[in-house]
1. Have a look at C:LEU43, C:GLY267, C:THR148 and report the one farthest towards the positive end of the charge dipole of chain C, computed about the Cα centre with Cβ charges (Lys/Arg +1, Asp/Glu -1).
2. Whole angstrom only: what separates the Cα centroid of region A:274-304 from the Cα centroid of region B:254-283?
3. Nearest 100 Å² is fine: what is the total accessible surface buried where chains D and C meet, probe 1.4 Å?
4. Let's see if you can work this out: charge +1 on each Lys and Arg Cβ, -1 on each Asp and Glu Cβ, no other charges. What is the dipole magnitude of region C:1-101 about its Cα centre, in debye to the nearest 20?
5. Show which aspartates and glutamates lie in cross-link reach of D:LYS226 when reach means a straight Cα distance below 16 angstrom and same-chain residues fewer than eight apart are skipped.
6. Compute the relative contact order of region C:167-222 as a whole-number percentage, counting only Cα pairs closer than 8 Å that sit 6 or more residues apart in sequence.
7. Arrange the residues B:ILE87, C:ILE83, B:ILE62, A:ILE114 by how much accessible surface each exposes, largest first, with a 1.4 angstrom probe.
8. Find the chain C residue whose Cβ sits closest to the rotation axis that carries C onto A, and give that distance in whole Å.
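The values are calculated or read from the model by the stated rules, or taken from the named source; none is laboratory data. These numbers come from a predicted model, not from an experiment. Here the Cβ positions follow ideal geometry from the backbone for every residue, glycine too, while neighbour counts run over all protein chains shown. Side chains are part of the model used for accessible areas, which takes the heavy atoms of the whole protein and leaves out ligands, DNA and RNA. Shrake-Rupley method; radii C 1.70, N 1.55, O 1.52, S 1.80 Å.
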Number of protein chains: 4
Amino acid sequence: MINGIITPMVTPLLSDNLSLDLIGTKKLIEHIISGGVHGLFILGTTGEATNLSYKTRIELIIESCKIVNNRIPVFVGITDTSIEESIKLASISKEAGATAVVAAPPYYYRLGQIELYKYYWNLADQVSLPLYLYNMPSHTKTNIDIDTTLKLSEHPNIIGLKDSSANTVYFQKLCHLFKNKDFCLLVGPEEVTSETVLMGGNGGVNGGSNMFPKLYVELYKATNAKDFKRIDELQHLVMEISTKIYSLGSFGSSYLKGMKGGLAALGIIETNIAPPFHSFEEKEMKLVRENIEKIKVELDKILK
Amino acid sequence: MINGIITPMVTPLLSDNLSLDLIGTKKLIEHIISGGVHGLFILGTTGEATNLSYKTRIELIIESCKIVNNRIPVFVGITDTSIEESIKLASISKEAGATAVVAAPPYYYRLGQIELYKYYWNLADQVSLPLYLYNMPSHTKTNIDIDTTLKLSEHPNIIGLKDSSANTVYFQKLCHLFKNKDFCLLVGPEEVTSETVLMGGNGGVNGGSNMFPKLYVELYKATNAKDFKRIDELQHLVMEISTKIYSLGSFGSSYLKGMKGGLAALGIIETNIAPPFHSFEEKEMKLVRENIEKIKVELDKILK
Amino acid sequence: MINGIITPMVTPLLSDNLSLDLIGTKKLIEHIISGGVHGLFILGTTGEATNLSYKTRIELIIESCKIVNNRIPVFVGITDTSIEESIKLASISKEAGATAVVAAPPYYYRLGQIELYKYYWNLADQVSLPLYLYNMPSHTKTNIDIDTTLKLSEHPNIIGLKDSSANTVYFQKLCHLFKNKDFCLLVGPEEVTSETVLMGGNGGVNGGSNMFPKLYVELYKATNAKDFKRIDELQHLVMEISTKIYSLGSFGSSYLKGMKGGLAALGIIETNIAPPFHSFEEKEMKLVRENIEKIKVELDKILK
Amino acid sequence: MINGIITPMVTPLLSDNLSLDLIGTKKLIEHIISGGVHGLFILGTTGEATNLSYKTRIELIIESCKIVNNRIPVFVGITDTSIEESIKLASISKEAGATAVVAAPPYYYRLGQIELYKYYWNLADQVSLPLYLYNMPSHTKTNIDIDTTLKLSEHPNIIGLKDSSANTVYFQKLCHLFKNKDFCLLVGPEEVTSETVLMGGNGGVNGGSNMFPKLYVELYKATNAKDFKRIDELQHLVMEISTKIYSLGSFGSSYLKGMKGGLAALGIIETNIAPPFHSFEEKEMKLVRENIEKIKVELDKILK
């Protein structure tokens, strides 16, 4: 069972906004690993998985596993509307040396809970890597209900759930029902990782750790140590990132654009982003650079 | 510009629920064409497109175009979350001899209208077949707003819109704003095809015409002829299908399961359906067979 | 059973935006009746019912019935979250001489269909005027499902349903299931009144008939006469009102603000509107006046 | 500024399911106060406020203030769709000796944020007691966005916000932006009170404290003391209540029915509940009684 901070890696792209930027990928992975995170998650929502071609997705799986080279666990998103494509991605992941796969519900048709249950059981039967459920109702329309999760946890190959619903009542219920059981519960939004770990969660899949991996790792450690003075100063920066980098502009895509903008401001990758999204214009990028600089200065002070 | 009834073809599958049933496909296409429909639309929502592997989708495109052999126009759904995959499907469609392509908005992330506009414009630039917009907000989460449609209609390659929102206020507004303009407006739900054609729509993409193509074609003709006695008796059967075949069971998938169940009852294809869905159990199939039989008898009486 | 056009009357308010404008109410009712509508519906969504104090609601019931003086049927909205308050309003309506009452589902908590069924049955038992169901899921969150409507129609006191869902597939199903039964089916949005009446609906509750009652009455007559040349020119104006008066500004309230703005432009009432809404600013009012003037000129041409 | 546990009191009703049970109210208030809670909130969502007649609401305000007799602060829900009725309830609350009033957005029409802002500012101008905002988007459809809250906090009469969205990312953002400012942030769902207080929240408005006030007060104290062993055993019982009392049956109303069922099992009030809801049947009540008994035994062990 994994505990700690897992980075849902953004996918570095070349200026055609479609092809994998291999140099950027190497740079980014080294940056992330150097921050001490406990795992890498590629092809998630932050990784723009569904917006990439299969060619690019497969390339990313193979190259990432090669670069990581077993230094930390690698989780691969295989979320798809076609179960065959998911199984294919899982098989490629296994061959490439990945640790586990992660799947959100199929996201075109709205599913009933029984349909969802049968789907996941079927999928778990057909992938040979361990499988994490991924709850993301704002994007998939279908929530993985508590009862469904309980029943699915009985499959030997289903070993945990990542919840990105932002609804911590739901997450608390899962923590309660899986107490002392061998089922990994990770939370998506970085804003609530500390509070959910305090109450029994296993860790967070935190987008911000693409930019500042140490910040999230230190916050996780402080949380485990119940060092509230430290939690307070680190959580402050997590919230600065949340409110000053992810919320520029008026679309839901501002999170992704802010993240890639922030990484560009840090000189790690370019801002290129796959359709249907577009990079921030210079107006927003100016703000991103200013805010990233301030956050970096504050973080350096805290971490030294 | 196309006018009339287009069949959003179901995809006949073998008993693995994954592979194309080529014999069934031939049988189904001949059945549909013999009913006099004005076009065939493959790989739409009724065609379970997103649930099929790319291999199966490509096979279906090539085989369908071959079978149809230019007897009627063929429209191909290229809806995808990855623009590269959509473009690839469009290019295969062109080579196979299809007439036009149809794309719903990318359906994982929720898009702003400006993002949607840029996405479609970009897509239309890159496909060489004419493109129809496909409004399906219940599945894609993003509505193609009226203003966005107006702006997109200025692209020379965007020639129409299929609306499956079931919101005929929206459709009436489109009919009003595109009056006397060369932009094709088709409606999805068969229950409202007659009424929207009466008010200026160009036709319907009607799932039920997989089973009973003549019924929908005759209703379309009666509607154009303003023959309300005829409209009344034909619409009655359309509504019998809607309420007695598509609404069994308690999930949204009952429409698809009912359709494939109905086609099996008619002896045209098997009930096999791709994950995450499952065919009706015998309990529901018994009802489907009984209701299909009654509808068939009534229809034969009317059509003779 | 009522057939035809019913005006969901706006509530004329004094400049405190709270108190009933009695002079405006008289003027408006005479204007509406002179247009030949088949019924008046006060305290609906267009009437801002829920935003008015009970004192104002009660005053409006009593005064409207007095002014109408049995010249046309009066329907009173008794929608409330408290069943006691609904019953009280129904009893006042009866005493005032109203014809029937209309109730949407209670709209704070989201209800299950069984809860909804029991609620309406209970309400129908306790009001002595005939009761119309009012489906308005965008506002109440709870849809009155087809099966629930079927079961409720068995109550002797429940005599019809007004559907404002804009989903005409739902409405077509109701028309089909209630064919040849004594249950009145009215549609809300004026954009689809003609098409639903063509397919078997009983009429429309059309907001625009506050401004131009004759337009909607004539369209209803043309629809019954299947005079499609006439339908076409009248529907054109209905759509001009829909797209040029109701859609200014960016909030859902633009419908209400446009309606009151239009009535002010016609010199019938003031634009005053109850909190939480605010009248259009001069910028929008300029557009409203210009558009109303053009529509009026066109309508006069058609009607003379 | 209030810190701690506030009880959103259920409204004890007589067997007509409409009238205030005055004896039950006294018993319940004494039970709650004896548990040491820091405030009482009447006429909230748990109090079925919108389902009660104004007569009953007013009686409850006056009687509750009298019974409490200044021993703890009393907050009164004045949420309404009519601003006049809200102001009236606020004025009665002031006269009765209440401490503050609480208002969720008007909940029939969906509001834009500017409309919401103006509405609250207007309301705050017209009530003489301090006003708490109440975010409850699942019921009101309108979220009180972060920016709107920031602007509203500048009104001298708006002193805090209760968030019942269950979205603790939203709540964390508020905590971050209001850090070191005199603005009270309370959370609704009891499942997340401990975790949000750990991160800077001021307390919780916890329905379960109707039944077991000491449990929530002790959890709040343990949370402030950072006593995680104690937090763990108390939170366990909070989650037992959440999963075994509030989740029986299949409707959203199971929370309310479970709460009143639990209080009946404890012998404090009857299960009577206002329309459109109905008390649990004996089948569910048996489970409620069994579960309440087990929870009570465990709680007594912990608290002694």
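1. C:GLY267
2. One Cα centre to the other: 52 Å.
3. 3700 Å²
4. Dipole of region C:1-101, to the nearest 20 debye: 300 debye.
5. Straight-distance partners of D:LYS226: A:GLU195, A:ASP227, A:ASP232, D:GLU195, D:GLU218.
6. Contact order relative to length: 30 percent.
7. Result of the area sort, largest leading: A:ILE114, B:ILE62, B:ILE87, C:ILE83.
8. Here the nearest residue and distance are C:SER250, 6.
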